[in-house]
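These notes are about the structure you will find just below.
Just so it is clear, none of the values below were taken in a lab; they were calculated from the coordinates. Because the structure is predicted, anything quoted here is derived from the model rather than measured. Virtual Cβ from ideal backbone geometry, glycine too; neighbours counted across all protein chains shown.
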Amino acid sequence: MTIARCRLYLITPPRIDAAVFTLALAQALDAGDVGCVQIRIKDEDDDVVRAAIRALQPVCQDRGVAAILNDRPDLAAEFGLDGVHIGQEDCPYAEARRLVGRDAIVGVTCHGSRHLAIDAADAGADYVAFGAFYPTATKVAKDEASPEILRWWSETMTVPCVAIGGIAVENCGPLVQAGADFLAVSSGVWLHPGGAAQAVKDFNAAIDRALSA
């Protein structure tokens with residue numbers, strides 16, 4: 001994964017109406033640069049997750065945007081998704097890689113830990129995710145992270161890093177300037193008062209402002 005500019009990494013809400021959300025996702029992806037979409041359906045049975053994948057995967061593919069699945073490398077492999085994101089309490093990296101194959105993306109949550117991030121990168125992870133940087137209502141943050149970890153990582157490592165946790169248009173600038181390769185955003189896009197498409201436009205404008213400051 002070669003990153004020239006910080007990009008958006010969209011995370012779906014944990015529960016969706018697939019028919020309605022498909023339109024919202026398409027509008028968001030058409031509104032500006034998005035590098036990745038993580039399908040994150042929580043506390044639902046496999047049939048619900050499969051239905052979400054069937055609805056959302058073509059939207060991403062048609063626009064050349066990577067579609068990855070949260071937690072479930074087995075289902076990511078079943079559908080030929082672009083990859084999987086795993087947390088520290090999900091299946092081990094080696095098992096995820098075995099299931100999705102060497103050419104797929106495997107990203108790893110590393111919270112605020114340099115040690116976890118180095119271990120993930122050494123194992124072969126395609127990106128590491130740091131956070132939460134700001135308070136978030138999407139999930140209970142197990143750790144806090146400082147922009148300094150992004151700066152340290154970007155200066156010492158080549159594996160891309162993702163910033164996650166409470167990121168909004170108004171607060172993303174310091175993370176971009178610190179060296180985040182991706183901004184992982186959920187409610188900051190889907191609950192944006194102007195709608196998801198406007199959120200994507202606003203985030204890209206904020207990224208450009210931060211990079212030119």
Worksheet item: Amide H to amide H under 5 Å from Gly165: which residues, 5+ apart in sequence or cross-chain, H placed 1.01 Å off N in plane?
Response: Phe133
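Express the relative contact order of segment 7-212 as a whole percentage, based on alpha carbon pairs under 8 Å and six or more residues apart in sequence.
Details: 414 pairs, mean separation 41.9, N = 206.
Contact order relative to length: 20 percent.
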Worksheet item: Once the mean 1/r over all distinct Cα pairs of segment 7-212 is inverted, what Kirkwood radius in angstroms do you read off?
Response: 16.9 Å
Worksheet, complete the sentence: Which of Leu116, Leu29, Leu150 fluctuates most in a GNM of the chain (C-alpha springs under 10 Å)? That residue is Leu116
Worksheet, complete the sentence: For segment 162-171, in residue order, the Karplus 3J(HN,Hα) values (coefficients 6.51, -1.76, 1.60; θ = phi - 60°; whole Hz; Gly and Pro = x) are 10, 9, 9, x, x, 7, 10, 3, 6, 10
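I'd like the antiparallel share, as a percent to the nearest 5, of DSSP beta bridges with both residues in the chain.
Details: 0 of 28 bridges.
If I count the DSSP bridges inside the chain, around 0 percent turn out antiparallel.
Let me have the 222 nm mean residue ellipticity of the chain computed from DSSP H runs of 4+ only, each contributing -39500 (n - 2.57), with the sum over all residues rounded to the nearest 500.
-13000 deg cm²/dmol
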Practice prompt. Please report, in Å, the Rg and the Dmax of segment 89-149, where both are computed over Cα atoms only.
Written response: 12.6, 35
Fill in: Charge sum, other residues only, whose C-beta stays under 15 Å from Pro92's C-beta, Lys/Arg counted +1 and Asp/Glu -1
-4
Worksheet item: Among Val100, Gly112, Ala66, which residue has its Cα positioned farthest towards the positive end of the charge dipole of segment 66-154, with +1 placed on the Cβ of Lys and Arg, -1 on the Cβ of Asp and Glu, and the dipole taken about the Cα centre?
Response: Gly112
Discussion item. What are the ³J(HN,Hα) couplings of segment 98-111, residue after residue, when phi is run through the Karplus curve with 6.51, -1.76, 1.60 and θ = phi - 60°? Round to Hz, x for glycine and proline.
Written reply: 4, 6, 8, x, 6, 8, 8, 7, 10, x, 10, 5, 10, 6
Worksheet item: Shape of segment 1-101 from its Cα gyration tensor (a ≥ b ≥ c, root eigenvalues): rounded if a/c is under 1.5, otherwise prolate when a/b > b/c, or oblate?
Response: oblate
Worksheet item: Using unit Cβ charges (K, R positive; D, E negative) and no other charged atoms, how large, in debye to the nearest 20, is the dipole of segment 7-212 about its Cα centre?
Response: 280 debye
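Whats the longest run of the chain with zero GluC sites (Glu not before Pro) that are DSSP loop and have at most 15 other Cβ atoms within 10 Å? Kindly include the intermediate steps, with their values, before the conclusion.
Numbers: sites that count: Glu44, Glu89, Glu144, Glu170.
Value returned for the longest uninterrupted segment is 90-143.
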Fill in: Karplus-derived HN-Hα couplings along segment 204-213 (A = 6.51, B = -1.76, C = 1.60, θ = phi - 60°), whole Hz, x at Gly and Pro
5, 5, 5, 4, 4, 5, 5, 6, 9, 5
